[in-house]
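Taking it in order: structure first as structure tokens, then the write-up.
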Amino acid sequence: MDIRDLWSEALAGMLARPVRSALTTLGTVLGITTLVITLGVAATAGNQIVGRFDELTATAITVEVPDKPDPLVTWDAHASLTRLRGVVSAVALAQTDRSSNLQVTSNTLVDPTRVTGHTLAVVATGPELPRAVHGRMTGGRFFDEGHVGRRDRVVVLGEQAARMLGVTRLANAPAVFIGDRAYTVIGILGDLRREQILSTAVIVPSTIGADFGLKNVTRVLVNTTLGAAELIAGQAPVALSPNHPDELQVIAPPSPKRARDGVQDDVNGLFLILGLVSLVVGAVGIANVTLVTVMERVAEIGLRRSLGAARRHIAAQFLLESTLIGMTGGVIGAGLGLVSVVAVSATKEWTPVLDARLALAAPVAGALVGLLAGLYPALRAAGMEPVDALR
Amino acid sequence: MNPVIHLNDVSRVFPADPPVHALSKIRLRVEQGDYVAIVGPSGSGKSTLLNTLGLLDRPTAGSYLLDGIETTTLKDGARTRLRGHRIGFVYQSFHLLDHRTVAENVMLAEMYGRSGGAGGERARKEPPGATGGGYGRRGRRRRAEEMLEKVGMSHRVDFVPGRLSGGERQRVAIARALMGGPSLLLCDEPTGNLDSRNTGAVLDLFDGLRDQGLTLLVITHEDAVSARANRRVRISDGILTEG
Ligand SMILES: Nc1ncnc2c1ncn2[C@@H]1O[C@H](COP(=O)(O)OP(=O)(O)O)[C@@H](O)[C@H]1O
Ligand SMILES: [Mg+2]
């Protein structure tokens, strides 16, 4: 028998009752969908965790300082922190709700009718900031101890803020107005790898923060060497505020081990079992329907035998039919599963990790389910005596 | 030249309590081009005889030579191939596949035994309606259409069987049986489901096939059918008598 004939016969058999075939695939669709979602979400979430535990994040600590009339942390915070073994860099920041919504205008715009004001955040900090946020000066320079000491009215713009204000060239010392006071722009800070929000901020020296009510430190950013984060997280409050360490809130990266265990327990185990159970149910469904089909088509089997079909031809046809049904279920399941993974990722704002091997393996798995499910019905069909089948 | 069918003391006993002697020591010679009617009351063993001749059933004793080949000692696979190549069946209930078109139903006959590459195994003689050339997939539809033309069904090639009359269905089934040129056509009550007009059309068809040299065995209990054959054998309680 020509293999193409076998294919067209199996396909015709499957399409003879399209609704039944479609319903038969349901179990497999469900199983494969569940498996693809489980593995896809696990891979995506796993990737998310890997991302969170890259060197940068695994070494980043943030200390939140509650606002008190008597400042808990002083502006030389970075000095007391960098003394600790394991601290690479640190910087103190001040930002309040009020300073986050200040009207900033630039004088570089030629057209006076244009709306030139922007509501931007103003952040006061020290000269250590670029290093602590792994940033790069895309123009000009950051302020130094000199500017801070002299209380120079200078600002550094975050890259985005500079673009919004239309500040591109620093050669002729452009100015920006915060409220009605003018400040000279001396630099633009970009490529932030930490505290990316600063990209839209106007950064001022700590000593002129008072202009905007930014007197006290509200936050300290700390970067540690790899593996030191947990240790430093414990030591930082004491170093920053020896008298009131408990009042500081330390945000440290979670330990990688804990998170990974969590993912394995919650996502994988349960849903893998669910998917496999659905697949078994799907297989039983296919087996059942194929058996019914075989019984309905006894006369057809007899006819084929009388036309010279051997037992293996009959077995092959029913096996291929059930395999095709399983494969169809696998293809649909893979599609639904991948779409779901993308949807889940979208709601969680994750980057979906779509493994091409998963998309290929799913139809194969479906086909395998169909093949196994078809074994018994196919053997029953092949075992029929042509005389009985034609009676 | 070998007879197409040579039965020598063929018996078929069905194991039951008591055992059923469906065929008892049957002797029968059918030459090429014979047109034989098998008549007998219900339950006399007609279908058992036909199944035996069609290699769908094995006798419990005796010898059966088909085209000179001893079939009783052949393995299942060889019997299946022999059946596929040399024997065409026509049934009372047509056995057409409902979901396939007329052409597809006819083409089905070439899918197994009578498909390409089996050159040496094929019927010795040029079968009626054989067009020469190959038996591959390529010309299959054309050959099916030719067969349908022979049985006067060219105008229904793409119909499904459900939309045909009984007589038309039987003609399609005959076209299918003729595909690939068998040396023997076995018909079990081929007109049992047909009215007299359609019966006449099928019998005319059989006459034409006989004239082309095909060997025909037709089971029937209708005199109108058996009268058209050149030879009549009667079977009763498993015992075959000539005339
Ligand atoms: N598989 C079987 N098992 C037992 N008895 C059978 C079987 N097939 C046929 N018979 C019996 O053999 C006899 C001949 O049957 P059959 O050839 O079908 O008769 P016909 O076709 O002439 O009506 C009947 O008595 C029938 O009951
Ligand atoms: Mg009968």
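The values are calculated or read from the model by the stated rules, or taken from the named source; none is laboratory data. Everything numeric in this text was worked out from a predicted model, so none of it was measured. In this analysis, Cβ positions are derived from the backbone assuming ideal geometry, glycine residues included, and neighbour counts consider all displayed protein chains. For accessibility, only protein heavy atoms count, side chains too; no ligands or nucleic acids. Shrake-Rupley method; radii C 1.70, N 1.55, O 1.52, S 1.80 Å.
Determine whether the range A:347-359 contains at least one residue that is modelled with pLDDT of 90 or more, part of a helix (DSSP H, G or I) and either crowded, with 17+ Cβ neighbours inside 10 Å or away from chain B (no Cβ under 13 Å) (or both). So that I can check it myself, show each step before the final result.
First pass over the range A:347-359, keeping only residues modelled with pLDDT of 90 or more: none.
Checked the range A:347-359: no residue is modelled with pLDDT of 90 or more, part of a helix (DSSP H, G or I) and either crowded, with 17+ Cβ neighbours inside 10 Å or away from chain B (no Cβ under 13 Å) (or both).
Residues that are in contact (Cβ under 8 Å) with a residue 40 or more places away in the chain and open to solvent by 70 Å² or more (accessible area, probe 1.4 Å): does the range B:9-20 have at least one? The answer is no; no qualifying residue exists. Any residue that is of a type outside the set (Phe, Trp, Tyr), more than 16 Å from ligand 1 (Cβ to nearest atom) and either exposed (fewer than 15 other Cβ atoms within 10 Å of the Cβ) or on the phi > 0 side of the Ramachandran plot (or both) - is there at least one of those in the range B:77-88? Checked the range B:77-88: at least one residue is of a type outside the set (Phe, Trp, Tyr), more than 16 Å from ligand 1 (Cβ to nearest atom) and either exposed (fewer than 15 other Cβ atoms within 10 Å of the Cβ) or on the phi > 0 side of the Ramachandran plot (or both).
Yes/no per residue for (1) of a type in the set (Ser, Thr, Tyr); (2) within 16 Å of ligand 2 (Cβ to nearest atom):
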| site | (1), (2) |
| --- | --- |
| B:185 | no, no |
| B:192 | no, yes |
| B:208 | no, no |
| B:215 | yes, no |
| B:218 | no, yes |
| B:227 | no, no |
| B:232 | no, no |
| B:237 | no, yes |
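Counting only residues that are of a type in the set (A, V, I, L, M, F, W, C), part of a loop (DSSP other than H, G, I, E, B) and buried (at least 24 other Cβ atoms within 10 Å of the Cβ), the range B:169-199 holds 1 of them.
So the check is Cβ under 7 Å with 6+ separation or different chains; which pairs have a first residue in the range A:153-165 that's at pLDDT below 90 and a second one that's of a type outside the set (Ser, Thr, Tyr)? Between residues of the range A:153-165 that are at pLDDT below 90 and residues that are of a type outside the set (Ser, Thr, Tyr), the close pairs are A:164/A:118; A:165/A:104; A:165/A:118; A:165/A:157; A:165/A:176.
Applying the selection to the range A:127-170, what residues are closer than 23 Å to residue A:57 by Cβ and either surrounded by 15 or more Cβ atoms within 10 Å (Cβ to Cβ) or outside the structural domain of residue A:97 (by TED's automatic domain parsing) (or both)?
First pass over the range A:127-170, keeping only residues closer than 23 Å to residue A:57 by Cβ: A:128-136, A:158-160.
Within the range A:127-170, A:128, A:129, A:130, A:131, A:132, A:133, A:134, A:135, A:158, A:159, A:160 qualify.
Let me confirm something: among B:166, B:238, B:208, which residue is open to solvent by less than 50 Å² (accessible area, probe 1.4 Å) and touching a His at 6+ places or on another chain (Cβ under 7 Å)?
Working: B:166 fails: touching a His at 6+ places or on another chain (Cβ under 7 Å); B:208 fails: touching a His at 6+ places or on another chain (Cβ under 7 Å).
Answer to the check: B:238.
Looking only at the range B:43-58, residues that are open to solvent by less than 10 Å² (accessible area, probe 1.4 Å) and either more than 16 Å from ligand 2 (Cβ to nearest atom) or acidic (Asp, Glu) (or both) come to 1 in all. Residue B:40 meets all of the listed conditions (1) open to solvent by less than 20 Å² (accessible area, probe 1.4 Å); (2) within 15 Å of ligand 1 (Cβ to nearest atom); (3) at pLDDT 95 or above but one, namely (3). All conditions in (1) in contact (Cβ under 8 Å) with a residue 24 or more places away in the chain; (2) more than 21 Å from residue A:59 (Cβ to Cβ); (3) open to solvent by 10 Å² or more (accessible area, probe 1.4 Å) hold for residue A:248, with the sole exception of (2). Applying the condition of being more than 14 Å from chain A (Cβ to nearest Cβ) and within 15 Å of ligand 1 (Cβ to nearest atom) to the range B:194-224 and asking which residue is nearest to residue B:41 (Cα to Cα) yields B:221.
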